[in-house]
Amino acid sequence: MNALVQFQAQNKYIFLANNETVMRQLGRIVANHEKLPIDKVYELYEQHLRKVFLKVPRFTSNINVLLHALGYVSDAMKSAEKAYFLECIERYRNNKVPLSVPVSVIRSHIVGNEVQYLLEQTYFQPYPEDLIEITDSGKGRTMK
């Protein structure tokens, strides 16, 4: 049960971005107020977990997650830093930059302020660095 609780906690924001309703259902399943046997909890959790990823997250859901994260670090940010981050979100909203831009900006503040809860969130680093490939127009960069 502890492993499931930890998994739920670490993936809360990625679930929130994908489907807030199902994320909340997963939280209730993990809380297990009905004192169900662990095999039943896992069965219910798996059924609902599959629902989380049925749709691609909407850009507004990603913005919601980013603003939740901002709440953890905003007091430590200078007003210019906060304004820049909010500008990055607006540029993302207007399809001028990819999601990785505001995610990288807020992640730098999460790291700098050592916000452990957010450092553990898979949303801010969803896959291993080895899987990341940089692709661009090729101008000014030699790709290998």
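Can you tell which of ASP75, ASP39, ASP130 is under 21 Å from ILE14 (Cα atoms) and either open to solvent by 50 Å² or more (accessible area, probe 1.4 Å) or small (Gly, Ala, Ser) (or both)?
From the options ASP75, ASP39, ASP130, the qualifying one is ASP130.
How about the range 25-36: which of its residues are out of contact with any His (no Cβ under 6 Å at 6 or more places or on another chain), surrounded by 12 or more Cβ atoms within 10 Å (Cβ to Cβ) and on the phi < 0 side of the Ramachandran plot?
Passing the criteria: GLY27, ARG28, ILE29, VAL30, LEU36.
Of the residues that sit in the range 78-124 and are outside any helix (DSSP H, G or I) and open to solvent by 70 Å² or more (accessible area, probe 1.4 Å), which one is farthest from ASN18 (Cα to Cα)?
That would be LYS78.
The values are calculated or read from the model by the stated rules, or taken from the named source; none is laboratory data. The model shown is predicted, which means the values in this text are computed figures rather than measured ones. FYI the Cβ positions are ideal-geometry reconstructions off the backbone, even for glycines, and counts take in every protein chain you see. These accessible areas exclude ligands, DNA and RNA; they are computed on the full protein's heavy atoms, side chains included. Shrake-Rupley method; radii C 1.70, N 1.55, O 1.52, S 1.80 Å.
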